[in-house]
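First the structure, in the form of structure tokens, and then the observations on it.
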Amino acid sequence: MDLTPTEMTDTNEAAEQQSDVANTHNHEHDHGHEHDHEHAHQPAPSLNPELTREIEVEVGADEVSKSFKTVVKRYQKLARIPGFRAGKVPESLIRSKFAKEVRQEVLESLVSERFRKAITDQKLRPVSEPQLLDMQLADGQPLKFKAAFEVSPEIDITGYDSVRVARPDAALTDDEFAAELSRVLDSHATVEPVEEDRALVDGDWAEIQFRGEVKDLAQTVTEEGVQNASTQAPITGEDVLIEIGGKNTLAAFNDALRGAKPGQELKFEVDYPADFGERRLAGQTVSYDVTVKGIKHKSFPERDAEFAKQLGNYESWDDFETKLREHAADRKKSALDNSAKDKMLGELIQRFQFPVPEAFVQQQIEARLDRGLRALAQQGMSVEDMRKLDFVRLRESQREQAINEVKASMVLDRIAEVEGVTVSDEDFDRELLMLSLQSREPLEALRERLSKDGGLERIREQMRREKTGTVLYEKLSA
């Protein structure tokens, strides 16, 4: 149930459930495969100087010539050129007609082989794609090139097990359960108009139309009176239902509407609390023009076994309430534990400082943008509008959080090594099955697709990190 400007809440849960990207007023956006991928085509990323290594490689002229001849001979056998029999195309024609392709194949065979040998000899482990520098390649001449790449940092996690995290009280309160139950009942309630000619009283639902102007701290005086200096858009609503005297209805709306009749127009101000769930209204004062359009009465279903069976596989109303309480308690515990884990990881990130590979940061920025654009697409943003977004600014706005997320992953990977955390094949297969069910993609087709693009290993890595976070939380929480 979405918050409206007429309601208050004890938490910012509704706001926090929004996408961390799409929630910042469409500043960060993500796309699915069906959306524009323009923002993905970037020049070679810069490398973190602290983690950059360079190697120089030289291949003798004889070996270069041999490689050229090998590739040219293969093209002679495969090429189909009018006027020449298969396998009889002159070498000179192959070299001129397929010069670019031949050179590329020679380059790939010699560079990849020599690059692997050089990093093995120097005991280096690149974590980014190598960037080739000063490339010189010609048949009959030595091949010379430099390759620059990033390596993983050394991460010293000495003392990680001395961090302490307070375990939150996750017990579900009666008020929280009542709110859960109220949401269920409200979703099955029926709303009927009140035909009686009377004023609004507690227990009624007022159907209103409203327009609100946020009062600006900076105002100017003109011939037309006092005006806001800013041009913040007004808050409007049509056919909004408000419970008079309701627990979640703001007192200002209760006081203004109580005793009003349909057709009546009201003017009043609302001072929103600093912790109001709708962030743009929190701590603001809003001047409202409200029209009462009607009085409604909500009827709720009887809390009996018949209604419980409509809600699911429950034997009785008591059985439903018991299961609802358990579900709500589990969800609250999970949310609080996840929040505590995030705090724990934040402390570990602050404690252990180390340089982060730029390649990892860029990958994480892309992942965050993808999630945000998918959320915006689901909210109705068109591909055309997505193309107009300033992706340079969007990437920069994601950078700090992306760096912290990469650091957290690297710290967890290092701790997993120390703690000996592994993911069993049984747990991994169970995760793939869940992904298959969620995506409605056959399990074997999913496994084959993910095995081709490295997705299987990424899933296992993420599972290991999540398991490590849980193991660490249980170990460090008081």
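The values are calculated or read from the model by the stated rules, or taken from the named source; none is laboratory data. As the structure is a prediction and not an experimental result, all values here were calculated from the model. FYI the Cβ positions are ideal-geometry reconstructions off the backbone, even for glycines, and counts take in every protein chain you see. Ligands, DNA and RNA are stripped out before the accessible areas are found, and what is left, the full protein with its side chains, is counted by its heavy atoms. Shrake-Rupley method; radii C 1.70, N 1.55, O 1.52, S 1.80 Å.
Some notes on this structure:
- The portion of the accessible surface of the chain made up by carbon and sulfur, rounded to a whole percent, is 48 (1.4 Å probe; DNA, RNA and ligands excluded).
- Average accessible area per residue (Å²) across segment 39-135 - probe 1.4 Å, nucleic acids and ligands excluded: 70 Å²
- Working from Cα pairs under 8 Å separated by at least six residues, relative contact order for the chain is 23 percent.
- Entries in Lys100/Lys146; Lys73/Lys146; Lys100/Lys388; Lys123/Lys467; Lys146/Lys407 that, when Cα-Cα distance is taken, lie over 25 Å: Lys73/Lys146; Lys100/Lys388; Lys123/Lys467; Lys146/Lys407
- Dipole-positive endmost among Leu345, Phe300, Val151 within the chain (Cβ charges, Cα centre): Val151
- Averaged over its residues, segment 410-478 has an accessible area of 62 Å² per residue, based on protein heavy atoms and a 1.4 Å probe.
- Listed cross-link partners Lys332/Lys475; Lys215/Lys261; Lys296/Lys323 are compared with a 24 Å cut-off, the Cα-Cα value being larger for Lys215/Lys261; Lys296/Lys323.
- Computed about its Cα centre, the charge dipole of segment 81-121 is approximately 180 debye, with only Lys, Arg, Asp and Glu carrying charge at their Cβ.
- Loop-resident GluC sites (Glu not before Pro) (DSSP state other than H, G, I, E or B) in segment 303-366 with no more than 11 further Cβ atoms inside 10 Å of their Cβ: Glu315.
- When only the Cβ of Lys, Arg, Asp and Glu is charged (+1, +1, -1, -1), the dipole of the chain relative to its Cα centre reaches about 3460 debye.
- Percentage relative contact order, segment 234-391, counting C-alpha pairs under 8 Å, at least six apart: 11 percent
- Dipole of the chain [Lys/Arg +1, Asp/Glu -1 at C-beta], most positive-end residue of Ser182, Gly60, Ile365: Gly60
- For the chain, the gyration tensor built on C-alpha atoms gives a prolate shape. Its axis ratio a/c (a ≥ b ≥ c) is at least 1.5, and a/b is the larger of a/b and b/c.
- Prolate/oblate/rounded label for segment 296-342 (Cα gyration tensor, a/c 1.5): oblate
- Taking 13 Å as the straight-line reach from the Cα of Lys144, the aspartates and glutamates in range (excluding those fewer than 8 positions away in the same chain) are Glu56, Glu58, Glu63, Asp134.
- Farthest toward positive dipole pole in the chain [+1 Lys/Arg, -1 Asp/Glu at C-beta], among Pro82, Thr120, Gly420: Pro82
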